[in-house]
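**Q** Dumping the structure here so I can ask a few things about it.
Computed from the coordinates by the stated procedures, all read-outs in this text should not be read as laboratory data. Please read all numbers here as calculations on a predicted model, not as lab measurements. Please note: Cβ atoms are built from the backbone with ideal geometry, for glycine as well, and neighbour counts cover all protein chains shown.
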Amino acid sequence: MNFTKCEIEGLLIIEPKVFGDERGYFFESFNQELFNSATNNKYQFLQDNQSLSNKNVVRGLHFQAPPFEQGKLVRVVQGAVLDVVVDIRSKSPTFGQTFKIELTEENKKQLWIPPGFAHGFSTLEDQTIFQYKCTNLYQPSSEGCVLWNDDQLKIDWQVEQPIISEKDSKGTQWIDFSSPF
């Protein structure tokens, strides 16, 4: 596995070594020892989630506030997404900055998102299956959401007619956002 640091501190792009032949392919999608080495033994996963979405769905920008903050290791099993994170760590030099990466069935890339980021994605293909490992259990009372299409964040989700949940359409505007991190 290759671990690449991103321009925003803490984010890691993980690329597995894929072994393919006429039968198909094989790759190691997670290795606790290598992950521990890349993240200084700080994190343990407690919950795995999976979603299925059709093209043009936008989910996010979600986070869990302390003491139930979550780090997430995300990847696409089928289809493609534009994965987006916003740094919401108030003391970070990159506070308010966004990072985007395309995660696809073909490229098999993963993104490690430590606690302190709002996370979302848009689906670029129908029947996209998205998986994520979380470092904490979901706590509804700790859930937060930054408005996905906030003017100040200027995120291009690469979808023409986004499909949004009612909950996500009521996210907090960036100008009114007070970070718990």
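**Q** With contacts defined as alpha carbon pairs under 8 Å and 6 or more residues apart, what's the relative contact order of the range 44-176 in percent?
**A** 39 percent
**Q** Given springs between every Cα pair under 10 Å in a Gaussian network model of the chain, which of Leu111, Leu137, Leu147 has the largest fluctuation?
**A** For the chain, modelled as a Gaussian network with Cα springs under 10 Å, the answer is Leu137.
**Q** Grab the other residues whose beta carbon is less than 10 angstrom from that of Thr128, score K and R as +1, D and E as -1, and report the net.
**A** Net local charge, Thr128 excluded: -2.
**Q** Still on this structure: Note down the nm distance, to one decimal, between modelled labels 7 Å out along Cα→Cβ at Arg23 and at Thr94.
**A** Label-label distance for Arg23 and Thr94, simple model: 4.0 nm.
**Q** With no solvent and one point per C-alpha, what does the Debye sum give as log10 I(q)/I(0) for the range 7-160 at q = 0.16 Å⁻¹?
**A** Listed by q, the Debye log ratios stand at -0.91.
**Q** Taking only DSSP H segments of four or more residues, each worth -39500 (n - 2.57), what value at 222 nm results for the chain once the sum is divided by all its residues, to the nearest 500 deg cm²/dmol?
**A** So the helix-based figure for the chain works out to -1500 deg cm²/dmol.
**Q** Note the full-extension length gain between Asn2 and Ala38 as 0.36 nm times their separation in residues minus their Cα-Cα distance, in nm to one decimal.
**A** Details: separation 36, 0.36 × 36 = 12.96 nm, distance 0.98 nm.
The span from Asn2 to Ala38 would gain 12.0 nm if fully extended.
**Q** In angstroms, what radius of gyration and Dmax does the range 105-181 have, counting Cα atoms only?
**A** For the range 105-181, the Cα-based Rg and Dmax read 14.1, 39 Å.
**Q** Can you work out the PRE-style zone for Asp48? Point 7 Å along Cα to Cβ, and I want the residues of the range 135-150 with backbone N under 19 Å.
**A** 135-138
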